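The block underneath contains the structure these notes are about, expressed in structure tokens.
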Amino acid sequence: MSEEILIIISISLIIFLSPLVSRVLKLPTITVEIILGAIAAYFAFIVEHSILELVAELGFLYLMFLAGLEVDLKKLINISGDLLRRSIFYNVILFSLATAITFYFELGKIFIVVLPLISIGLLAALKKEYGDVEWIKLSITVGLIGEIVSIFALTTVSAALEFGLNFEFYKTMALFIFFLIFMLFVYKLFHNAIWWYPEIKAVLMPEKDNQEQDIRVSMAIFFLMITVMMYLHLEVAFGAFIAGTFITTFFEEHNKQLPHKLEHFGFGWLVPIFFIYVGSSFEIESLLHDGLVKHAILIALAMILIRIVASTLFIKTIGWNRFYMIGLSHSMPLTLLIAVATLAYHNHSITQYYYYAFILASIIEVLFVMIAIRLLSHFVKLDNNLK
């Protein structure tokens, strides 16, 4: 049997079985996909292949696109000044503590970026399980700002790893800032256009749509932004993120089902391939390496602790018995952590040992946080009942 056929069969089975295994083990599907990908690679059912790597890269970009769908610029603009200040200071505390830990333990400078990363992708899973409760709504709002900061950090690190701190790096960052200013102009221009001519939305995404034009428009914007970022030699993941933000900001009210359709399209097959690929790049034998599991646990604990410390900013908002939920819910930056680790490893900024440590830490975080939130939410309910 050829490698291509074996890879296709293995990925198909993992995509099919992951949700079933997830329900049995009570684990997030993403974690199961990574674990099964590692097992498949261990038994040589999945091997290195250029096409698999290409599809996995597309899956990652689509995942960043879905992360962008969580960001509605209109809602961010309308949040209170006090919450905005607390959210920004929350990120300042995270980066400050990460810097202190990095220098105190003499770690690589990549830890300054890795430890404070925030990704709200898995918050959607928490929202489905616990409902639209107060601490989850606050976590999403604060997390949106944190994810934007993290995406900016990802872009900066990508440029620094590729060019080093030289003229090309500063040129790239200046181009990146100019691009952001230009995108703000485009957002404003399009906002005014649909204000004066609201029928534009109906033309782009008609209500009676037999051709799935809403998906076609979304994919056109997605690939167009990726192309622009490639042409400008900027981080393409940020382009995918902006494309998702654009869709949500301008079309969610017109077509409320569109974000769900795009999520189903991605999480149904494309995004799982990325996580399976990540798992396949992790060698199970590496668990036997001296200190790997220990370092992964320490990384996970550091990421969780700095978030709990920073979340004390919201004690007055949601109380002593819930503030830590903010920090815990932000302690699962699985996608961005793997993204930064992959970038750093490919650019030889970290060794394979630390690449494996970061991947293992991301899995440990998800397992620990999901269990902790489940236990603590039950405790909070009991506490409320006693009152």
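The values are calculated or read from the model by the stated rules, or taken from the named source; none is laboratory data. Here the structure is a predicted model, which means the values were calculated and not measured. Positions of Cβ are generated from backbone atoms using ideal geometry, with glycine treated the same way; all protein chains shown enter the neighbour counts. Quick note on the areas: whole protein, heavy atoms, side chains included, nothing else; ligands and nucleic acids left out. Shrake-Rupley method; radii C 1.70, N 1.55, O 1.52, S 1.80 Å.
Below, the figures for the structure above:
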| item | result |
| --- | --- |
| Accessible area of H260 in the full protein assembly, 1.4 Å probe (Å², nearest 10) | 90 Å² |
| Between segment 208-280 and segment 57-96, the alpha-carbon center distance in angstrom | 17 Å |
| Environment charge of H49, counting only residues whose C-beta is closer than 10 Å and scoring Lys/Arg +1, Asp/Glu -1 | -4 |
| Largest-first ordering by accessible area, 1.4 Å probe, given options D82, D209, D72 | D82, D209, D72 |
| Over 18 Å (Cα to Cα) - which of K26/K127; K74/K127; K137/K188; K74/K188; K208/K256 fall in this group | K74/K127; K137/K188 |
| Helical contribution to [θ] at 222 nm, DSSP H n ≥ 4, -39,500 (n - 2.57), averaged over the chain, rounded to 500 | -25500 deg cm²/dmol |
| Residue-normalised accessible area of segment 77-141, given per residue in Å² at a 1.4 Å probe | 52 Å² |
| Estimated dipole of the chain in Debye, rounded to 20 [Cβ of Lys and Arg +1, of Asp and Glu -1, Cα centre] | 1400 debye |
| Contact order relative to length of segment 280-350, as percent, for alpha carbon pairs under 8 angstrom and 6 or more apart | 22 percent |
| Exposure of L54 as accessible area (Å², to 10), given a probe of 1.4 Å and all protein chains | 120 Å² |
| Three-way shape call for segment 64-203 based on the alpha-carbon gyration tensor, with the a/c threshold at 1.5 | oblate |
| Sequence-separation-based contact order of the chain, relative, with Cα cut under 8 Å and 6+ spacing, percent | 30 percent |
| Whole-percent carbon and sulfur share, accessible surface of the chain, 1.4 Å | 69 percent |
| Helical segments meeting 24 Å axial Cα length and Kyte-Doolittle 0.0 threshold in the chain (DSSP H) | 3-25, 50-69, 81-104, 134-163, 167-196, 213-232, 292-310, 352-386 |
| Heavy-atom accessible area order for S96, S281, largest first, 1.4 Å probe | S96, S281 |
| Cα centroid separation - segment 310-338 against segment 28-45, whole Å | 29 Å |
